[in-house]
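Q: I'd like to ask you about the structure that follows.
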Amino acid sequence: MVRWIEGGLSLWPEFRRSRHAIVQRVDDPALPAPIFIKQFLLRDGWDRLKRMVRPPRARRALLANQMITALGFRTEPVIALAEYRRFGFTWKSVLFTRELPDVHEARAVFRDPEFGLRADIPKRRELLDGLAGEIGAWHKADLHHGDLRLSNLLMQRNGDSCAFYWMDNERTRRYARMPESRRVHNLVQIILDPGVFTRTDMLRLWRAYKVASGYAPLDEKAFLRKVIERTRERRRKRGWV
């Protein structure tokens, strides 16, 4: 197994790489659909310590996917989990998933001209309501996504309907009751990328989110001010403003 993990995976080209993971795409005529291979990397020394007391990230992603699927949400179909253990610890972990057909990152759908949502205002409003409704339902189920970037929420449009798929769920957690701070965290993440949503878009997102989540803060203005200020702060830190 270790020879296969270390040597066999190198046969496939990289599809995407970050400091957190390497993703490879396998497209073979013998397969019913392309497969993604995701290797979870150790980011720092703290990660090395955490792996001694917590399940590896690939296993956490698998368990989270199973949990959110049971709650009625969609995510990538997992084919297999591979782990290499040595001296009682997991040194390498890999997740195999099947590619979803006709999906696009939410960021691209709302931002890129090829999807036509800048000119088709009624369709844009409809999809904004759908996006906010999905996140609101997520929070109503007391789920918090650790990295709710628009690139981690995929959209599959089929005529007038749209399905959403939640990706990169290894840090997804279900609370007994969703803390306000976790709501703020996810709402900041979803509007963080500049140039995607206008102020009108964000107001529409908030209104649809309130309905879907059933959440009404005691001081709505203070809550929204907190979301906006933290969004600006994170953008400044990244040099986006």
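The values are calculated or read from the model by the stated rules, or taken from the named source; none is laboratory data. Everything numeric here is computed off the predicted structure, so don't read it as measured data. Note: ideal-geometry Cβ built from the backbone for every residue, glycine included; neighbour counts use all protein chains shown.
Q: Could you go through the range 160-170 and let me know if any residue there is out of contact with any Phe, Trp or Tyr (no Cβ under 9 Å at 6 or more places or on another chain), under 24 Å from residue 17 (Cβ atoms) and among the hydrophobic types (A, V, I, L, M, F, W, C). Full working, then the answer.
A: First, the residues of the range 160-170 that are out of contact with any Phe, Trp or Tyr (no Cβ under 9 Å at 6 or more places or on another chain): 160-163, 167-169.
Now restrict to residues that are under 24 Å from residue 17 (Cβ atoms): 167-169.
Those still in the list that are among the hydrophobic types (A, V, I, L, M, F, W, C) too: 167.
Yes, some residue in the range 160-170 is out of contact with any Phe, Trp or Tyr (no Cβ under 9 Å at 6 or more places or on another chain), under 24 Å from residue 17 (Cβ atoms) and among the hydrophobic types (A, V, I, L, M, F, W, C).
Q: Have a look at 142, 193, 201 and point out the one that is within 30 Å of residue 55 (Cα to Cα) and not β-branched (Val, Ile, Thr).
A: 142
Q: Among the residues of the range 189-216, which ones are under 23 Å from residue 143 (Cβ atoms) and of a type in the set (A, V, I, L, M, F, W, C)?
A: Correct list: 190, 191, 192, 196, 197, 202, 205, 206, 208, 211, 212, 216.
Q: Going by what's in this entry, would residue 193 be described as closer than 23 Å to residue 77 by Cα, part of a loop (DSSP other than H, G, I, E, B) and under 21 Å from the mean Cα position of the chain (by Cα)?
A: no
Q: Let me confirm something: among 125, 177, which residue is surrounded by fewer than 16 Cβ atoms within 10 Å (Cβ to Cβ), in a loop (DSSP other than H, G, I, E, B) and among the charged types (D, E, K, R)?
A: Exactly one of 125, 177 is surrounded by fewer than 16 Cβ atoms within 10 Å (Cβ to Cβ), in a loop (DSSP other than H, G, I, E, B) and among the charged types (D, E, K, R), namely 177.
Q: Among helices (runs of 4 or more DSSP H) lying entirely in the range 1-119, which contain 3 or more residues that are surrounded by fewer than 16 Cβ atoms within 10 Å (Cβ to Cβ) and at pLDDT 85 or above?
A: The qualifying helices (runs of 4 or more DSSP H) are 57-70.
Q: Answer yes or no: is there a residue in the range 217-229 that is closer than 18 Å to residue 138 by Cβ, modelled with pLDDT of 95 or more and loosely packed, with under 13 Cβ neighbours inside 10 Å.
A: No, there is no match, as no residue in the range 217-229 is closer than 18 Å to residue 138 by Cβ, modelled with pLDDT of 95 or more and loosely packed, with under 13 Cβ neighbours inside 10 Å.
Q: May I ask you to list the residues in the range 196-222 that are assigned to a helix (DSSP H, G or I) and either β-branched (Val, Ile, Thr) or farther than 30 Å from residue 119 by Cα (or both)?
A: Within the range 196-222, 200, 211, 220, 221, 222 meet the criteria.
Q: OK, next. Please verify whether residue 209 is crowded, with 21+ Cβ neighbours inside 10 Å and of a type in the set (Ser, Thr, Tyr), treating the condition exactly as stated.
A: When the stated conditions are applied, residue 209 passes them.
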